[in-house]
1. Please pick out the residue among LEU321, LEU352 that is among the hydrophobic types (A, V, I, L, M, F, W, C), at pLDDT 90 or above and buried (at least 20 other Cβ atoms within 10 Å of the Cβ).
2. For ARG283, indicate whether it is open to solvent by less than 60 Å² (accessible area, probe 1.4 Å), of a type in the set (D, E, K, R) and closer than 30 Å to CYS216 by Cβ.
3. Of the conditions (1) open to solvent by less than 30 Å² (accessible area, probe 1.4 Å); (2) closer than 30 Å to ILE263 by Cβ; (3) modelled with pLDDT under 80, LEU57 clears all except one; give me its number.
4. Collect the residues in region 58-117 that are of a type in the set (Asp, Glu), in a helix (DSSP H, G or I) and over 17 Å from PHE372 (Cβ atoms), keeping them in residue-number order.
5. Quick check on my filter: what residues within region 172-211 are among the polar types (S, T, N, Q), under 14 Å from SER108 (Cα atoms) and assigned to a helix (DSSP H, G or I)?
6. In region 264-273, is there at least one residue being hydrophobic (A, V, I, L, M, F, W, C) and buried (at least 19 other Cβ atoms within 10 Å of the Cβ)?
7. Only one of SER258, SER225, SER200, SER206 is open to solvent by 20 Å² or more (accessible area, probe 1.4 Å), of a type in the set (S, T, N, Q) and in contact with a Ser or Thr (Cβ under 7 Å, 6 or more places away or on another chain); which?
Amino acid sequence: MERALSHASAGAAITNRKSLARIFIQLSFDLIKENGSIIFSNGHVWKQQRHIGITTLRKLGLGKKSTEHQIEDAAQTLVETFKKTKGQPFDPSIPVINAVSNVICALSFGHQFEPEDENFQKLIKASEIIVKFSGSFFYVMFIMFPRLMNYLPGPHQDALASIEVINSFAKQEIEKHKESSCLHEPQDFIDHYLLQMEKSRNDINSTYNEDNLARCISDFFGAGSETTFTVLKWALLLLTNHPDIQEKVQKEIEEAFSSSVSISYQDRKKLPYTNAVIHEIQRLKYVFLVGIPRQSTKDVTMKGYHIPKSTLILPDLRSVLLDPEQWETPTEFNPNHFLDKDGKFMEREEFLPFGIGKRICVGEQLARIEIFIFLTNLLRAFSFRLPEGVKELNEAPIVNVTMHTHPYKLCAIPTKA
């Protein structure tokens, strides 16, 4: 762990992406000063918002059958949607983001949406606009000249409107929950948060309020949906480009389970190669260009460098995930990075896509469960192949705040008639 921490710390200075890093730091500095979300807050605010996030996920059954059933239902819906393509080339983006987003909706709001629901699609579209805007030229201009840009047209206006769409959606759901008054038997994140607000009503130091609740929901939806969606898109692309690896995963699943048996997250122990493949996808095709910026709480000297108190630190997790000293073939898709000489899965302390330390991603376990269940269900039902005439899907990322795939199409061929 000490070595991994050392590499993560050393990666705080990003040499090849300095301008984007500086912009991200400036934006994050502004957010950290006043934001009451889980991701972009500090001190007492952060402690309370993170606490309610973690405890609520546990109470809602994260890691237990109740939550897994919701994810399994979403995975089966995705399988049925893929079947409708009848083996013809298609873009998996829309059905995948619908499925992943509905898992977050179920945990946050207590219900899922039909894919064609107008408000649901507005929510997804708003999230996409914000992500695409991040790191663009207009994003740079907006951060440098915010007051001026407020009066000028451009995609930044769409991004601002999209932020308001998500906040308004969250506040509408909050109002619905207040009217239904289910605090005696909370069913979702909003219920649990409103209950905590009631308990803390006389606490002058409480940071539990409706504005912060809306921000937390935005965190869940933005971070929870976007990251898992991106990993699954990379997974389908890589497995289509590497049919030999895909076939080994399918063979392992087939040998371990009959077609009538559902696969739970605990079953990953029976599927070492599959587990290794999933970890390797997340290592090689890391979602975030850089980690979320943090502030130092006191003066500190590290490896001869003095870091003053309140300095914003931007962790470069890539320096660990692609470190040639830690990985045999750091830039290649190689599941053997997570297998020992006997073919058993092995954890690696250098595997840090979710961050490290006290501020590690709140939704790490949820993301792990989702990715495992979605992929195993899809690979049981289909073999993913290149469209006719296509030699290989583009594995180069679209570099933004997140590392997305280029648009692509594939064929989902049913494994059984």
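The values are calculated or read from the model by the stated rules, or taken from the named source; none is laboratory data. Everything numeric in this text was worked out from a predicted model, so none of it was measured. Here the Cβ is made from the backbone with ideal geometry for all residues, glycine too, and neighbour counts use every protein chain on show. Only protein heavy atoms, including side chains, enter the accessible area calculation; ligands, DNA and RNA are left aside. Shrake-Rupley method; radii C 1.70, N 1.55, O 1.52, S 1.80 Å.
1. On the way: LEU352 fails: at pLDDT 90 or above.
Matching residue, one of LEU321, LEU352: LEU321.
2. On the way: open to solvent by less than 60 Å² (accessible area, probe 1.4 Å): yes; of a type in the set (D, E, K, R): yes; closer than 30 Å to CYS216 by Cβ: yes.
In short, yes.
3. Among (1) open to solvent by less than 30 Å² (accessible area, probe 1.4 Å); (2) closer than 30 Å to ILE263 by Cβ; (3) modelled with pLDDT under 80, LEU57 violates only (3).
4. Our first condition is that a residue be of a type in the set (Asp, Glu); within region 58-117, this holds for 68, 72-73, 80, 91, 114, 116-117.
Imposing the further condition that a residue be in a helix (DSSP H, G or I) reduces the set to 68, 72-73, 80.
Scanning region 58-117 gives a single hit, GLU80.
5. The first filter runs over region 172-211 and keeps only residues among the polar types (S, T, N, Q), leaving 172, 180-181, 187, 196, 200, 202, 205-207, 209.
Narrowing further to those that are under 14 Å from SER108 (Cα atoms): 172, 187.
Listed by number, the list holds a single entry, GLN172.
6. Just the residues of region 264-273 that are hydrophobic (A, V, I, L, M, F, W, C), to begin with: 271.
Now drop any that are not buried (at least 19 other Cβ atoms within 10 Å of the Cβ), which leaves 271.
Checked against the condition, which is being hydrophobic (A, V, I, L, M, F, W, C) and buried (at least 19 other Cβ atoms within 10 Å of the Cβ), region 264-273 yields at least one hit.
7. Of the residues listed, the single one that is open to solvent by 20 Å² or more (accessible area, probe 1.4 Å), of a type in the set (S, T, N, Q) and in contact with a Ser or Thr (Cβ under 7 Å, 6 or more places away or on another chain) is SER206.
A quick yes/no check of all residues on (1) modelled with pLDDT under 85; (2) among the aliphatic types (A, V, I, L, M); (3) over 24 Å from HIS192 (Cα atoms):
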| site | (1), (2), (3) |
| --- | --- |
| GLN88 | no, no, yes |
| SER101 | no, no, no |
| SER108 | no, no, no |
| PHE113 | no, no, no |
| ALA126 | yes, yes, yes |
| ILE130 | yes, yes, yes |
| PHE137 | yes, no, yes |
| LEU152 | yes, yes, yes |
| LYS171 | no, no, no |
